Every structure is written in C-alpha cells, then in structure tokens.
Amino acid sequence: MKSFDTNDMIYALATPRARGALAVFRASGEGCIEALSKVFSPAGKLRDCPTNTCIYGRLLDIDQVVVNVYRNGHGYTGQEAFELMCHGSLSAFDMISAKLEELGFRAAMGGEFTMRAFLSGKMDLTQSEAVQDIVNSDSPISQKQAFSKLQGSLFKAIEAFKSTLLDILAPIELQLDYAQDDIEDEFGFPYSRLEALIKDIDALAATYRTSPLVQEGARVVLAGPVNAGKSTLFNLLLKSDRAIVSPIKGTTRDYLEAPCLIDGHKVRLFDTAGLRQSEDDLEKQGIQRSRLVIEDADLVVYLSPDIQDLESQCESWIRVQSRCDESVSDGPFLKLSCITGQGLEELCHVISSRLGSLVETCDGMMIQSARQAQGLHEASLCLKRAIETSEIGLDLSAGHIGNALRCLGELVGETSSDEMLERIFSSFCVGK
Ligand SMILES: Nc1nc2c(ncn2[C@@H]2O[C@H](COP(=O)(O)OP(=O)(O)OP(=O)(O)O)[C@@H](O)[C@H]2O)c(=O)[nH]1
Ligand SMILES: [Mg+2]
C-alpha cells in the first residue's frame, strides 16, 4: 500500500472475479455518488436519495444494477460510498471497471476500504484485523471468534485494561507531585492491583498458545490394531472414499492426512497403519511412522474390538470399542459400528468436547494474531518492570506504566505508525 490518501475515489470488485448470479462493486470517496449518477438512470433519483437507501436502475447500456448509497459519515468506510450490485458476468466487470475509471475512480489497493474505516474512526485496529479474520475463517469456531472481535470484544477488553491502568497511575502521579512539594502522605504502592492486572493480561495473551488448534486444525489421529476399522471411520468422518478399506490385515501402511470439520472444530484427521508385530519391512516402516504421528497428536482416537487391548491403552486417549455390531462385551468404552453407524454421533461429540477443552480462551476470547499477542506480552513486561522499579524510584515505575499504556494503545490503533498500518492492511485482499 503506497499511500494513506483518503481523498480520492476508489473502487473494487468486492466479490470474486468469477461468473455468478450477482456480483458487488464497492466504491468510496467524496463525490462518488455524483460521479456514478453520470452513467446511471434515473440519475436524479440516485443523486438525491438519502443515505442507506437502495436504488434500482440502469448503468448505461451495460447492466441492470442495484446501488446501496451511503452518505458521508455512514456506511463501512465512514465516507460517502456506494455498493453496486450487477450480474456476475466477466464482461460486465471489465466494462463497469473501465467506466468507473473514466469517471475518475482508481482501483483500490488491498485493505484500503477497511483502512479508511479505521482512519475515519468507524472501527479500531482489532476490529479491522477481525475483518480479515472473518473472511479467512474456515470453521464455525474461528468465525465466532472473528465475529466477536468485529463486534468489539477485544477492543473493550483492552480498553478495560487501559482504564484500570489509568486508575492505578493517577495516585502514583499525584504522589510524584506531592514529593516535589515535599508534602508527606500515606501512600502505598498498588502492588496487588498491578499484579491482578498482569494476571489478566497474561491470561488473555496465553490464549495465543492454542490458537493453531483453531487456525490450522487439531491433529486427531485414528490408531489401533489392524482391521479395527480405522480407515472405514476415516472415510466416514471425511464423507469420502479416501482410504483403502479391506479385510486384509495391514492394508494401510503410509499414514493419510485430510482436513475435516468435526462438530464445528477444524481438524487434521490422520489414518494410520494398524499396530502389530510384523516381519514385513515395509509394514514395519509404516508402523514406525504411525507411532511418530501418534506421538505428535493433539488427540488420539484408539479403535479396537478387543476390550483387553483397550484397557491397556493410554487413559488420555479416546478409547473406542469398534465393530460393535459383531460382538459386544461390557466395558467403560464408547461403542462404535461403522456399518450400522451406532456410536458415530456420540464419538463426534466426545472428540468435539475434548478439542474444546484443549483450546484456551479467556472470557470466551482467543488471541489469534501474533501482533496482538506480542502487544499484550510487552504491556505485561512493562508492568512487571513497574513493580520491580517501585523501590528504586516512583518516577521509574510511572514511566513503565506509561509504556504499558502505550503498548495497549497501539493494539487498538490509538497510536500507530504508517509502517505498522501498512503491514496490517497490505495483507488484506482487494475489496476489503
Ligand atoms: N462388521 C464390521 N466390519 C467393519 C466395521 N468397520 C470396518 N469393518 C470392516 O473391517 C475390515 C477392515 O476395515 P479397515 O477400515 O480397512 O480397517 P483398518 O483398521 O484400517 O485396518 P488396517 O489398515 O489393516 O490397519 C473391512 O472389511 C471393513 O469393511 C464395523 O464397524 N463392523
Ligand atoms: Mg486402514
């Protein structure tokens, strides 16, 4: 992104450049409605309509369109803006783009609409980042996380930290003023309030540790003896005939990996080679690789029809008595038949609740951005320094608290350098 100029009129195709029933162009900038009205019929209706209205009309001899109008101060960017819905035709995209450029619009850069929204105060920096997160989200859980940040949950949490810090800082500064005036006062350094705040900030920052489980997907590994039905379950969960299934023992050798969703959780599902003593060199290699995958798993689902085998396995695994349509013996294990489907829904619930407990959240919130985790971490470090230096000099402590406030302010974009904004917004795609 080369400029932060918000005066010119920008436009972008906000939907994919692909054939479809409808597509949306987005435009923003002072004078953009007047400019569009030159090629729109009925022109007067568009020119004079109030904000947040939707006008149906014709764009020259190109297409029938619907235009959503936002006057200055309204809409996404906070500037005069419009969204134009046309038919999703590749030639319409080219003709409309060419017409808009003729009218004085320039193609928007990636993230430019959201950056204008941020600069006009329509959203803070955490909400701007949430726009990117919501577009990139690929599971109901990441969608909910992004949506809550878009609604301002993280902004409010950071504002609450700042407000507490200002409360803590006020008596310290007062004391510093008194000290200059040589006035004695009973002053106690607010250790416990600072420590409580550090704990809250650290708890929020710590949620970043498990964010890969949501962003990249948890590694769920299906393990067990040969013929337990691992590959059959793998295919059932993927709803696709991905792995070879056969009654021959030792069918799966190389482990398989595939992405899938289990009850809203993004998962990287692994099917592995059946575990048994084998003399076959290739099968031994397959088993060895599968053991490594099991070691690396976030969650192991161990399948076996044999209850004694299940009893001897690791207690932290989900142990499942498979092929339960053939023989059922009593035991404290989940029973599954991939043939009748018995137990499949329950297994998904158990996997989902176990994954849910692996994911760390703080008041339901999770930090998913390295920038935000870093900012919280730095704020916490400053506060720890404020405590350490409190005995040396109150002015030093006050300085560190001021630095912590600055770190928190940067997180919401209260203070932000051009380079930082460029780094954040340039990762957005065009039209956002
Ligand atoms: N009756 C019954 N048969 C099953 C069930 N699940 C799988 N099978 C059958 O058991 C045989 C082995 O299934 P697989 O899914 O290939 O077993 P696997 O655990 O992947 O076996 P390996 O790859 O050899 O380790 C196949 O013939 C399946 O059709 C089940 O729940 N009930
Ligand atoms: Mg298999």
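FYI, it's all coordinate maths here, none of it is from the lab. Since the model is a prediction, treat every value here as computed from it, not as a measurement. Backbone-built Cβ (ideal geometry, glycine too); neighbour counts: all protein chains shown.
Going by C-beta contacts inside 10 Å, put Cys338, Cys429 in order with the fewest on the left. Walk me through the intermediate numbers first.
On the way: Cys338 23, Cys429 12.
Lowest to highest Cβ neighbour count: Cys429, Cys338.
Restricting attention to region 267-313, which trypsin sites (Lys or Arg not before Pro) occupy a DSSP loop and are surrounded by at most 15 other Cβ atoms within 10 Å?
Arg276
What's the longest piece of the chain with no exposed GluC sites (Glu not before Pro), counting a site as exposed if DSSP puts it in a loop and it has at most 16 other beta carbons within 10 Å?
Longest site-free region, per DSSP loop and neighbour criteria: 31-183.
Once you order the gyration tensor axes a ≥ b ≥ c over the Cα atoms, which shape class does region 10-123 get: rounded for a/c under 1.5, otherwise prolate or oblate by comparing a/b with b/c? Let's see the in-between values first.
Values: a/c = 1.71, a/b = 1.20, b/c = 1.42.
Note, shape of region 10-123 comes out oblate.
List the lysines whose Cα lies under 24 Å from the Cα of Lys230, skipping any in the same chain that are fewer than 8 positions away.
Of all the lysines, those that pass the test against Lys230 - Cα under 24 Å, at least 8 places apart if same chain - are Lys239, Lys249, Lys266, Lys284, Lys335.
For the residues His349, His74, what sequence is obtained by ranking on other C-beta atoms within 10 Å, fewest first?
Ranked by crowding around the Cβ, least crowded first: His349, His74.
In terms of modelled amide H atoms, which long-range or inter-chain residues lie less than 5 Å from the amide H of Arg219?
HN-HN under 5 Å from Arg219: Arg268, Asp298, Leu299.
Work out the length of the dipole vector of region 10-123 about its Cα centre, built from +1 on the beta-carbon of each Lys and Arg and -1 on the beta-carbon of each Asp and Glu, and round it to the nearest 20 debye.
180 debye
Could you derive backbone 3J(HN,Hα) for region 326-342 from the dihedral phi with the Karplus parameters 6.51, -1.76 and 1.60 (θ = phi - 60°), listing whole Hz in sequence and x where the residue is Gly or Pro?
Calculated HN-Hα couplings, in order: 8, 8, 10, 10, 5, x, x, 10, 5, 9, 9, 10, 7, 7, 8, x, 4 Hz.
Going by how many other beta carbons lie within 10 Å of each one, how would you line up Met365, Met123, fewest first?
Taking fewest neighbouring Cβ atoms as first place, the list is Met365, Met123.
Report the far tail of the P(r) of the chain, meaning the percent of Cα-Cα pairs longer than 36 Å.
Taking all Cα-Cα pairs of the chain, the fraction more than 36 Å apart is 52 percent.
Take the Cα coordinates of region 173-287, assign each an equal point scatterer, and use the Debye formula without solvent to give log10 I(q)/I(0) at q = 0.13, 0.22, 0.23 Å⁻¹.
For region 173-287, the Cα-only Debye profile gives -0.67, -1.14, -1.19.
List the residues, sorted by chain then number, that are 5 or more residues from Arg106 or on another chain and whose placed amide H is less than 5 Å from its amide H.
Met9, Ile10, Tyr11
Can you tell me the dipole magnitude for the chain around its Cα centre, using point charges on the Cβ only (Lys, Arg +1; Asp, Glu -1), in Debye to the nearest 20? Mind showing how you got there, number by number?
Values: 42 positive and 62 negative charges, 421 e Å.
The calculated dipole for the chain is roughly 2020 debye.
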